[in-house]
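To keep things clear, I will list the structure first and then write my remarks on it.
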């Protein structure tokens, strides 16, 4: 929170209390306000990127579960149709697993055996920038820009899957009277990061 005057409102049990509040910087730490503003700006972008990655991971989990259910349904169909559909479902499930591995380390794999994934690196950078009252270093800004480019590519891959692959699977499932996979919505890319 940047230094300044704020209004705080607490609402509980149908009652609301409002107070004015002034946040002041520790006078023993000489940090110019523009540096604090830069720190806050990057921190908020990192937070928003983490939220989008977490949304993507939840969507991937949902799609994988639905594809698993669809595969079980498909196996009850005509053997020839089942073979084609199961192959497509397996291929799409592998695509989802590949995207998931870029975003986060699976719970069953220890951190020492696999490098940090995007969600980990976003959290690490956020922690290192937020730890001090100063503008991010040039190296932190450079690392942020690298993570931002990776984030935009990975979210583009997830959204491409949602927009192209899910409708393709649904068309084939419907043609074979095998139901459909929930289409889902594209992962929101924070406007501050675009």
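The values are calculated or read from the model by the stated rules, or taken from the named source; none is laboratory data. Worth saying up front: this structure is predicted, and the values here are computed from it rather than measured. Reconstructed Cβ throughout: ideal geometry from the backbone, glycine too, with neighbour counts over all protein chains shown.
Does segment 50-60 include one or more residues that are in contact with a helix residue (DSSP H, G or I) (Cβ under 6 Å, 6 or more places away or on another chain), closer than 30 Å to residue 32 by Cα and touching a residue at least 12 places away in the same chain (Cβ under 8 Å)? Within segment 50-60, one or more residues are in contact with a helix residue (DSSP H, G or I) (Cβ under 6 Å, 6 or more places away or on another chain), closer than 30 Å to residue 32 by Cα and touching a residue at least 12 places away in the same chain (Cβ under 8 Å). Hey, among the residues in segment 69-98 that are exposed (fewer than 13 other Cβ atoms within 10 Å of the Cβ) and more than 34 Å from the chain's Cα centre (by Cα), which one's modelled with the highest pLDDT? Checking each candidate, the answer is 76. Inspect segment 83-102 for any residue being touching a helix residue (DSSP H, G or I) at 6+ places or on another chain (Cβ under 6 Å) and closer than 23 Å to residue 44 by Cα and give the result as yes or no. Yes: segment 83-102 contains one or more residues that are touching a helix residue (DSSP H, G or I) at 6+ places or on another chain (Cβ under 6 Å) and closer than 23 Å to residue 44 by Cα. Filtering segment 128-147 to residues that are within 20 Å of residue 51 (Cα to Cα) and either touching a strand residue (DSSP E or B) at 6+ places or on another chain (Cβ under 9 Å) or crowded, with 17+ Cβ neighbours inside 10 Å (or both) leaves 129, 143, 144, 147. Here residue 110 meets the list (1) over 30 Å from residue 180 (Cα atoms); (2) at pLDDT 95 or above almost entirely, failing just condition (2). Screening 89, 29, 60, 42 for residues that are closer than 21 Å to residue 130 by Cβ and in a helix (DSSP H, G or I) leaves exactly one candidate, 42.
Matching residues to (1) within 24 Å of residue 81 (Cα to Cα); (2) without any contact (Cβ under 8 Å) to a residue 40 or more places away in the chain; (3) assigned to a helix (DSSP H, G or I):
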position: 144; (1), (2), (3): no, no, yes
position: 151; (1), (2), (3): no, no, yes
position: 156; (1), (2), (3): no, yes, yes
position: 172; (1), (2), (3): yes, no, yes
position: 192; (1), (2), (3): no, no, no
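Every listed requirement among (1) assigned to a loop (DSSP other than H, G, I, E, B); (2) out of contact with any helix residue (DSSP H, G or I) (no Cβ under 7 Å at 6 or more places or on another chain); (3) over 30 Å from residue 79 (Cα atoms) is met by residue 177 save one, (3).
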